[in-house]
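The values are calculated or read from the model by the stated rules, or taken from the named source; none is laboratory data. None of these values were measured; they are calculated from a predicted model. Don't worry about glycine lacking a Cβ; one is built from the backbone with ideal geometry, like all the others, and counts go over all protein chains shown. SASA here: full protein model, heavy atoms, side chains in, ligands and nucleic acids out. Shrake-Rupley method; radii C 1.70, N 1.55, O 1.52, S 1.80 Å.
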Amino acid sequence: MCTAWFEVCLSLYFFLTCCGVQVQFRNSSPRAEIEHVNNFRQGKNEAVEDFHNHGTLVNDAKKQVRCNYCGKEINDYSILKYHLGGIHEHSVPCVKVPEDVKLRMRNKLLPETNKPDEHREVVQESSTSSKRDFSSADSAPHEASIDIRDHGTLLDMKKGRVRCNYCAKEMTAGYSRLMKHLGGIRGDVAPCVEVPEDIKVYMRNSWQRKKEGTVSQLIESCSLWNRNSSYDDLREQNGNHDESSQPTLVQKRKHSAIVENSGSEHDDENLQRSHHPKISNKMKNQEKAGDDSSRQSQRYIGRFFFENGIDFSAANSSTFQKMIISLVGGGSTTYKVPSCDDLKGWILEGDLKAMQERVREVVCSWGSTGCSILLDGWTDGKGLTHVNFVVDSPQGPIFMKSADFSDSTGDVDAMVSLLSGIIEEVGVQNVVQIVTYTTVGSMEAVGKQITEKYKSIFWTVCASHCIGLMLEKIGMLGTGSRVVSKAKAITKFIYSHETVLKLMRKHTGGFDLVSSSRIRSMVPFLILERIESQKKNLSKMFTSPELEDSTLASTAGGRMVADLVTGDSSFWTEVEVLLKASVPLIRALHLVNGEDSRPQLGYIYETMDQMKETIKKKYKGRKTEYQPFWTIIDGIWDNQLHSPIHAAGYYLNPGLFYSDDFCADDEVKKGLWCCIGQIAENERELKLIASQLKQYKKARGAFGDGNAVDQRGRLAPAKWWSLYGGECPELQHHAIKILSQTCTGALRYGLKRSLTEELHMKGRNCVDQRRLNDLTFVYHNLRLQNLPASNSDYIDVFLEPIGPMDEWIGGVGSMEAKAGEQSGIV
C-alpha cells in the first residue's frame, strides 16, 4: 500500500515539475539545504552540472564540446544548453535529446515558459478541438487516447512554433497547423511524409470535423433570432411597428450578402444593433469574418497570378471581374475583386512575407542535412547570359537569386567571385556540393578554383545533362541518325496535312506521335518509341481506302512515307535496335529526377551500372552490338559525371553496401577516401571516421541490430543513418549530409526563364525594380513549393507542349532552341 502511494506521489511530482510548478518539501533536512547553498556558492548548481552531464569536452583550448546525443560540436557549454533546449537563436537544436532533458533545459533558460497562462494560450485551440473530437459519437474507441500534443514538440510558446515528431519539420501557428501537416492537408504547410498512415487518417478526419464545427457555429450565429430572441421580443422593446415594413434579421443578412443595403434598411439594422449589444457584437464578428474571408480569397487569386506569371493588368479586365463575381455568388457587389494595385501592393507583400518565413524554415534544416547549390544557366535570344541559383535540400528546393553574367562572359575570376558570395550567404559549413549545368567553356576552370578555395565543397555536373549527352552521341551514330531522319519524315508528312492528321488520330484513338522535352536530345527517342508503339495502327492507316484514294497518297512524299511504314522492314528493325540502347537511358533519367522521392546521390552509381547491364541484356550479351553504347556511356561517366562524392554515396548507402552484389572496386575505394579527406576537418576527425568505417563495414554495434538490418533497404539512406548511426557521430554527421543530396541540377524544376530575363532588363525605376525582384522571388518559390508529385510515367519528367515551329512537325524553331540550350558560360 505504501509503495503504491509513493509511486502516485512520485508521478504527481514529475507531472507538476514538467508543467513548470516548483515543488518544495517541507520536511527536507537542514543538512540538505545547507549542502544546496554550498553548491550554489561554489558554482556547482544543478544547471551547470546538467550541462556537463550532456556534453563531452573536445578541445579545452577552444572550449569546444560535443553533444552526447547527436554528436554536434559546439563552441562552449553555454551554447550547449541552447542546443539541448531547442532554442534557434544561438544554435541548431538537437533532434535526439530526450524530451525530459529538453524541457528541463528550456525551463532553466526561458523562465517565462513556466507561466501557465501562456501555455494555455498556445495549446488551447488544439486542446479544445481534441476534446470535442474525442467526445464525438463517431470517434473510434482507440482514438480517445490520441492527442495532437503527443505528435509535436512545442519550441516557442509565444510564436506558437512546434516541431513534428516524425519528420522534424518546424512550423508556426501552433498545433492547428501541425494537425494539417500530419493529416496531409495542403495549403498552409507541406504534408508529413513520415507519419504513420493511421495517425494521418485520424488527423485528417479530426481537421474535417473541426472545420465542420466552425461552419456550424457560423450558421448558428446567423440564426441568432431563432435561438436567443424572436423578432416579436425585439418589436416589443423598440415599440410597435408595422410588421410588414420590418424584415427579419435573417432576411436582412441574406439580402446583404448579395447586394449592399439601401440607406433606410441599413439605418434600421443599426438601430436594432444599438438596442441589443449582444446581437451587435455577434453581427460585427460575422462582418469581420466575412471581411477576412474576402481578403483570403483575394490572396488566393493573387497567388494564382504569381504562380502562373500572369500580367497584373489582367485583373482590370471586365471579363475577369465578371468571372470572379459570378463564382462568388451571382451579382454580388459586396465582394471586392482584387485590382492591379491590390495584386502588386498588399497581396504581393503578404505572399512575400509568407514565402520568406517558409524559406527560413528550410534554411534551419541545412545545418543537419546540408544542401546543394544548383546552377541553371542559359543564353537568351539577345545573346545575354543568365544564371539562376537554386538551393536544394531534403526539406525542398528554394530559389535564391539570379544574375546577368553577360558583361563577364569568359571571366573565370568574376564567376568565382559571384559563386563565392552565394556560398558565403548560404554558409560554407552547409554547402556539400555545387551542381553545374554544363562543362562547356570556362565552367571546368571555375569548378577547379572553387574546390581549391573551399576544400569541403564538391563540384559536380548535372546527371540529367550527362545522360542527355549520352543520348545525343547515340543519336549521332550512323544507324541512329539514319533512323531519326526517316522518323522525322513520317511525322512531318502526318502533321503537315490536316486530313492525314485526323486519320492518324482516328486509327490510334487520339494518340499523338510527337512530344517535346526540356532535354532536346531525348526528343528523338521519345518520338521513336511512340511511333514503334503504334506500328500496327500506322500500317492500317497507310493501307486504308481513305488515304489510298486521296491525292496525298500519290505524291512523292506520300509514297515514300507509306513505303517506310508498310514496306520497309529494315526501318522497323533499326528502330527496335536503337530503342534497346536508348530506353534504359531514358529510364535512368526518370529515376534520378524524381520517380523515387529519396535523394539520388547514393544511387547514381547503381543506376549507371544497371543501365549498362540492361543494354547488354537487351543485346543478349553480343559484345559487338552493345560495346559502342558502353563506350559512349563510360566516356561521359569518366570525364564529366563521376565525382568522389558519388563513390562515397554508393559506399555509405546501407541498402547497397550490405547487399550480396555490392562491389567496392578501386574506383569506389579511391573515391570514398578522397571524399573523406576533403570533408574531415582535421587529422583527429579523419582517424575517427576511419575507425568508425570499420565498425560500419563489419556491422558492429547498432549497425547490426535487428531493426537496423531490416530497414537497410526500406528507409532512405540518410534516415537510416540518423536512426542507427549514433554510435559513430563523426561518420553519421557526414553520411547524412552526403546521402541527403541530389545528383541533378535545376533543369528538372523548369523555372520560367523569361521572368529572369525581364528582371535584368535596364531602364526600370527603383520602385518597379524592387517590386519585380519580389515578384520573381515569390513566383519561383511558389513553383518550387508546389512541384507535382513523383509519377511512374517517365515521359512526363521533362515533357513540354510541342511548339508549332518544331522541326518534327515541319518547323525549324527547335534547332535554334537546341543551340540556345547548349550554349553556356564561355
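The table below lists the values:
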{"read-out": "Positive-end residue of Trp721, Thr744, Val668, charge dipole of segment 660-779 with Cβ unit charges", "value": "Thr744"}
{"read-out": "Accessible area of segment 480-613 belonging to carbon and sulfur atoms, whole % at 1.4 Å probe", "value": "50 percent"}
{"read-out": "Neighbourhood charge, 14 Å Cβ-Cβ cut-off, centred on Gly701 and excluding it, Lys, Arg +1 and Asp, Glu -1", "value": "+2"}
{"read-out": "Thr319 versus Glu576: modelled label distance in nm, points set 7 Å from Cα along the beta carbon direction", "value": "5.2 nm"}
{"read-out": "Bins of 10 Å from zero: percent of alpha-carbon pairs in segment 534-632", "value": "14, 30, 21, 20, 13, 3"}
{"read-out": "Per-bin percent of Cα-Cα distances, segment 385-479 [5 Å]", "value": "2, 11, 20, 24, 19, 12, 6, 4, 2, 1"}
{"read-out": "Contour excess over end-to-end distance, with Cα ends at Glu424 and Met761 and 0.36 nm allotted per residue", "value": "118.6 nm"}
{"read-out": "Charge context of Gly478, other residues only, Cβ under 14 angstrom, K/R +1, D/E -1", "value": "+1"}
{"read-out": "Largest-first ordering by accessible area, 1.4 Å probe, given options Asp351, Asp512", "value": "Asp512, Asp351"}
{"read-out": "Exposure rank, largest accessible area first [Ile809, Ile457; 1.4 Å]", "value": "Ile809, Ile457"}
{"read-out": "Ordering of 395-404, 709-718 by packing [mean C-beta count within 10 Å, highest first]", "value": "395-404, 709-718"}
{"read-out": "Overall Cα dimensions of segment 395-536 - principal axes, largest extent first, Å", "value": "61, 36, 29"}
{"read-out": "Contour excess over end-to-end distance, with Cα ends at Lys448 and Ile199 and 0.36 nm allotted per residue", "value": "84.7 nm"}
{"read-out": "Solvent-accessible area per residue, Å², over segment 416-487 with all protein chains present [probe radius 1.4 Å]", "value": "37 Å²"}
{"read-out": "Solvent-accessible surface (1.4 angstrom probe) belonging to Tyr77, in square angstrom, nearest 10", "value": "40 Å²"}
{"read-out": "Rotationally averaged projected area of segment 337-455 (alpha carbon convex hull; nm²)", "value": "9.5 nm²"}
{"read-out": "Estimated inter-spin distance, Cys364 and Ser554, nm [label 7 Å along Cα→Cβ]", "value": "7.7 nm"}
{"read-out": "Cα-centre dipole for segment 301-384 with unit charges at Cβ (Lys and Arg positive, Asp and Glu negative), debye to 20", "value": "180 debye"}
{"read-out": "Surface accessible to a 1.4 Å probe, Cys167 within the full protein complex, Å²", "value": "40 Å²"}
{"read-out": "Arg700-Asn53 FRET efficiency (beta carbon distance; Förster radius 25 Å; 0.05 resolution)", "value": "0.40"}
{"read-out": "Accessible-area value, Trp630, 1.4 Å probe, nucleic acids and ligands omitted, Å²", "value": "40 Å²"}
